[in-house]
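Here it is, the structure in full.
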């Protein structure tokens, strides 16, 4: 399908089209994978894999096993139910706003002023912190590297089951609001179908006057200062 021949026709409410919110499941899986991996690591590091020994080792061990185990089980059940259910979370596109069903987020187009494609970002709707590169690197050196590594590894594991190919990349399309609302629109392009990407690019061209291929590329975190690279 050629983008140039693709026409988006609104209905009486201004609705144009909708796509599956792939970032929703991706984010939840990566967070669950990271938590599970950390708890398993601690279990084997301190007690050679003996979960009862860790639970009986004291207050902190008991809390780790009880709360951590609960979160792992509940998270796994929630992800499984979501995968099996027919109705998925969606991102709906209108002539003057974008609506995300999972958290009922409505983003008016005239409030969008920043857009990026983040190569390794797995965030669903919360904006990666707008911090300096120095503090970001410092955080990695102080221990955040392990968490970031597990999140990216979770992305790779996810790609084995769902996606176009085995990869650690997401190429998340991020649309940020000018008032720096902590929530944004996030679309995992590496998981979206070709048809979804074509419609999305046509929408960006027609209503945000920008082209996906020309959007600013970032690795993970958004720039420390606003770019205002989308002008409607």
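The values are calculated or read from the model by the stated rules, or taken from the named source; none is laboratory data. These numbers come from a predicted model, not from an experiment. Counting neighbours? That spans all protein chains shown, and the Cβs are built from the backbone with ideal geometry, glycine included.
For residue 23, all conditions in the list (1) closer than 23 Å to residue 117 by Cβ; (2) at pLDDT 90 or above hold save one; what is the number of the exception?
Of everything listed in (1) closer than 23 Å to residue 117 by Cβ; (2) at pLDDT 90 or above, residue 23 misses just condition (2).
With 24, 120, 116 as the choices, which residue is touching a residue at least 12 places away in the same chain (Cβ under 8 Å), assigned to a loop (DSSP other than H, G, I, E, B) and either buried (at least 17 other Cβ atoms within 10 Å of the Cβ) or at positive phi (or both)?
Working: 24 fails: assigned to a loop (DSSP other than H, G, I, E, B); 116 fails: assigned to a loop (DSSP other than H, G, I, E, B).
Step by step, each of 24, 120, 116 is checked, and only 120 is touching a residue at least 12 places away in the same chain (Cβ under 8 Å), assigned to a loop (DSSP other than H, G, I, E, B) and either buried (at least 17 other Cβ atoms within 10 Å of the Cβ) or at positive phi (or both).
Give the range 124-152 a look and list any residue that's touching a strand residue (DSSP E or B) at 6+ places or on another chain (Cβ under 8 Å) and either surrounded by fewer than 17 Cβ atoms within 10 Å (Cβ to Cβ) or at pLDDT 75 or above (or both), or say none.
Scanning the range 124-152 gives a single hit, 126.
What residue, among those in the range 52-68 that are surrounded by fewer than 15 Cβ atoms within 10 Å (Cβ to Cβ) and touching a helix residue (DSSP H, G or I) at 6+ places or on another chain (Cβ under 8 Å), is nearest to residue 24 (Cα to Cα)?
Per the stated criteria, the residue is 66.
Yes/no per residue for (1) over 23 Å from residue 155 (Cβ atoms); (2) modelled with pLDDT of 90 or more; (3) surrounded by 18 or more Cβ atoms within 10 Å (Cβ to Cβ):
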| position | (1), (2), (3) |
| --- | --- |
| 179 | yes, no, no |
| 191 | no, no, yes |
| 196 | no, yes, yes |
| 202 | yes, yes, yes |
| 205 | yes, yes, no |
| 211 | yes, no, no |
| 222 | no, no, yes |
| 227 | yes, no, no |
